[in-house]
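First the structure, in the form of structure tokens, and then the observations on it.
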Amino acid sequence: MDKAKRTLWGLSTGHFFLDMYAAILIPLYPLIAERLNINLAQISFVIAIGHSISSILQPLFGYISDKLNKRVFMFFGLVFASLFMPLGFISPNSIILTLCLIFGMAGNAFYHPQVTTMIKDCYTDNIKLSGAMGLFLGLGTIGYAFGPYFSTYIIKTFGENNFIYTGLIGLLLSFVILFFVPRLNNKHVDRKNNFLKTVNEILKNKICIFLISVTIIKAALIMSFGTYAPFILKKFDFSLSQTGIIMTIFYIAGGLSMIFASKIEKTVKLKGIIIISYLPLLPLTLAFLFFLKFNKFISAAILVTIGFFILLAAGCVLAYAQKAVLHAGTISGIIQGFTLAIGSIILIPFGFIGEHFGIEYIFILITLIAFIISIYTFKIKSEL
């Protein structure tokens, strides 16, 4: 196996497990909220803080990774996620839960910028890079999809007390990947630029500003559906195991869409794939909410379809952004981390909306914003 394939498959496998740990608490949040005696708005606040602090720092980690010749973030990213996310389930109070989420999600903040730069350095062709990035992000998302099912299966089969031992898998794998993935060869970065100057250069690029905006909406969409869908499924009498399976398939659909997105990009280009991704979400969401009252199977199928479209353009957007600027790790940290932080912060007011008006209005509001973005994208005149 050549260097490019070893790098891609090794890092993508690590991404599968990294994102699996990021998602293992998703179907368990209602149980955690009940055990800690906190309401929907409070658990939304905890999730938002836990995710946003580490994500806000991701551009800085990306900047540092641009200057590293060692795979430090690659290794410790998986270690942190493996240790702290399982600990979140047994947190005795909301403060400890928040800290576990911060340190667990710091693993993602370490891992993503460095490893996406490693993949980018292996491919010069834009379409091939989009395909590689789609595979990397796709397997990560499928891992994220597997997380809810994995956690509910472990608890159902082995009990809540043994849930913490799930972290051993990631700890072992972190050492395996360290030996499998080739060493870094970072010679393309201007090491004289400081962090603020690097970010300023990126923000002067109008294409990057647009792609960052698109990704913020994507982050808000996936965080909203990922966080609140289990609550609304529970409201309509879906069991815990049914919720875990539905959310698993939801993310698998998104992962598969990213893997095959580069083939669509060849025909419609990046602009077209963004429109295809966001335009159907509002009508699909209205249909999902309508069928919840009448047919569980149809409503679940529509929710899975929503997952497919939300993530369709993600790999292509990241690949294009990395090619648009010199500092691949920093822009990767912004695209994958800072935008997720903004999406997490959006959960705070959304939690209050859901608490006082109903969770349904959260879905309608965020997909309406995505619909407006897709209409705006039609009017953009650029090389996208």
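Counting every Cα pair in the stretch 169-311, what percent are over 25 Å apart?
Details: 5107 of 10153 pairs.
Tail fraction, whole percent: 50.
Can you tell which of 93, 108, 295 shows the greatest fluctuation in a Gaussian network model of the chain with Cα springs below 10 Å?
Greatest mean-square fluctuation among the candidates belongs to 295.
Ranked from highest to lowest mean number of other Cβ atoms within 10 Å per residue, what is the order of the peptides 296-307, 196-207, 235-246?
Packing order, densest peptide first, comes out as 296-307, 235-246, 196-207.
Work out the length of the dipole vector of the stretch 270-384 about its Cα centre, built from +1 on the beta-carbon of each Lys and Arg and -1 on the beta-carbon of each Asp and Glu, and round it to the nearest 20 debye. Mind showing how you got there, number by number?
On the way: 6 positive and 3 negative charges, 54 e Å.
For this selection, approximately 260 debye.
Would you mind calculating the gained length between residue 2 and residue 175 on full extension (0.36 nm times residue separation, minus the Cα-Cα distance), in nm to one decimal? Walk me through the numbers before you get to the answer.
Numbers: separation 173, 0.36 × 173 = 62.28 nm, distance 2.04 nm.
Full extension of this stretch gives 60.2 nm more.
Would you mind checking 128/206; 3/156; 3/206; 323/379 for any pair whose Cα atoms are more than 30 angstrom apart?
Working: 128/206 24 Å; 3/156 41 Å; 3/206 34 Å; 323/379 23 Å.
Beyond 30 Å: 3/156; 3/206.
Would you calculate a helix-derived [θ] at 222 nm for the chain, using -39,500 (n - 2.57) for each DSSP H run of n ≥ 4 and dividing by the full residue count, to the nearest 500? Present the calculation step by step, with values, prior to reporting the outcome.
On the way: 17 runs with 307 residues, N = 384.
Calculated at 222 nm, the ellipticity per residue is -27000 deg cm²/dmol.
Can you work out the PRE-style zone for residue 235? Point 7 Å along Cα to Cβ, and I want the residues of the stretch 305-340 with backbone N under 20 Å.
Counting only backbone N, you get 305-307.
If the viscosity is 1.306 mPa s and the temperature 10 °C, what translational diffusion coefficient in µm²/s does Stokes-Einstein give for the stretch 49-97 when Rh comes from Kirkwood over Cα pairs?
127 µm²/s
How big is D, in µm² s⁻¹, for the stretch 1-91 by Stokes-Einstein at 25 °C and 0.890 mPa s if Rh is the Kirkwood radius over C-alpha pairs?
160 µm²/s
For the stretch 245-384, count the residues as N, evaluate 2.2 N^0.38 Å, and divide the Cα radius of gyration by that value, please.
1.12
Can you run phi through the Karplus equation (6.51, -1.76, 1.60; θ = phi - 60°) for the stretch 56-68 and list ³J(HN,Hα) in whole Hz, with x for Gly and Pro?
Taking θ as phi minus 60°, the curve returns 4, 7, 4, x, 5, 4, x, 4, 5, 5, 4, 9, 8 Hz for the stretch 56-68.
I'd like the trypsin sites (Lys or Arg not before Pro) in the stretch 64-132 restricted to DSSP loop residues with at most 14 other Cβ atoms within 10 Å, sorted by number.
Answer in residue order: 67, 70.
How would you order 313-321, 35-43 from highest to lowest mean count of nearby Cβ atoms within 10 Å?
313-321, 35-43
Go ahead and run the numbers for FRET between residue 162 and residue 95, Cβ-Cβ distance against an R0 of 41 Å, rounding to 0.05.
It comes out at approximately 0.95.
All of the numbers you see were taken from the coordinates with simple rules; none came from a lab. Fair warning: this is a prediction, and the values are worked out from it, not measured in the lab. So basically every Cβ, Gly included, is an ideal-geometry build from the backbone, and we count neighbours across all protein chains shown.
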